Amino acid sequence: MADGDAPGAALRKLVAEAVGAEGDTVQTAGAETGDTEAIAAGLAERGEDPGPAARLPELVASGDSVVGVVPRADTALARRVLGNGDGDGEGRGVAREEGRTVRLVFTGRAADRLAGPSGAVIRSVLAEHGVDAHRHDGDSPIGVLLVGDRAVVGLFDDRGLAALLWSDAPAVREWAAATCRRYLAAAEPA
């Protein structure tokens, strides 16, 4: 993220560049663009209500399959997404439903946690929730999920999930799917 860019603006620009769009053509609520070819997307930033961490569990629970690249393993966020809640009793979890496929590639700090002292416990919890976990040696500040036909892209910083963008646009889905395939091909089972 460039100095001075808000996380949401930086994420919109990154996704626009990744899908080969000219300039910042990812149009989100509150972001106006004159480009008729704009990519429609939802966006949540830290500090908004609801913020990105609050939006993620609902987005992840919306599809029959989840494939993704996860660069950070924040315990509170993981509990919300896995459906263990954070005291509010909400959240269906990523793999609780029968027949749901969840395949995640952990990279960066998340991969380090899988291999670290608590790795056996984390891998056990993931397996208990039906998550097919893989480990990748690279790093990225960007998390990418393909949830059914929706792409979900997160921007992480030192404080955690800073911004979350989601889109059903074919160009964004294709980029997310290609990104997930590339990381999965270079990963090893956890």
- prompt: For the stretch 133-190, how many residues meet the condition of being in a helix (DSSP H, G or I) and either over 13 Å from VAL69 (Cα atoms) or of a type in the set (Lys, Arg) (or both)?
  reply: 7
message: Looking only at residues that are modelled with pLDDT under 90 and assigned to a strand (DSSP E or B) in the stretch 39-65, which one is most open to solvent (accessible area, probe 1.4 Å)?
response: ALA40
- prompt: Does the stretch 140-190 hold any residues that are of a type in the set (S, T, N, Q) and under 19 Å from PRO57 (Cβ atoms), and which are they?
  reply: SER167
message: Going by what's in this entry, would ASP158 be described as closer than 17 Å to ASP74 by Cβ and surrounded by fewer than 22 Cβ atoms within 10 Å (Cβ to Cβ)?
response: yes
query: Mind checking whether some residue in the stretch 127-137 is of a type in the set (A, V, I, L, M), at pLDDT below 95 and open to solvent by 20 Å² or more (accessible area, probe 1.4 Å)?
result: yes
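The values are calculated or read from the model by the stated rules, or taken from the named source; none is laboratory data. As the structure is a computational prediction, the values presented were derived from the model and not from experiment. Reconstructed Cβ throughout: ideal geometry from the backbone, glycine too, with neighbour counts over all protein chains shown. What goes into the accessible areas is simple: the full protein's heavy atoms, side chains included, and nothing from ligands, DNA or RNA. Shrake-Rupley method; radii C 1.70, N 1.55, O 1.52, S 1.80 Å.
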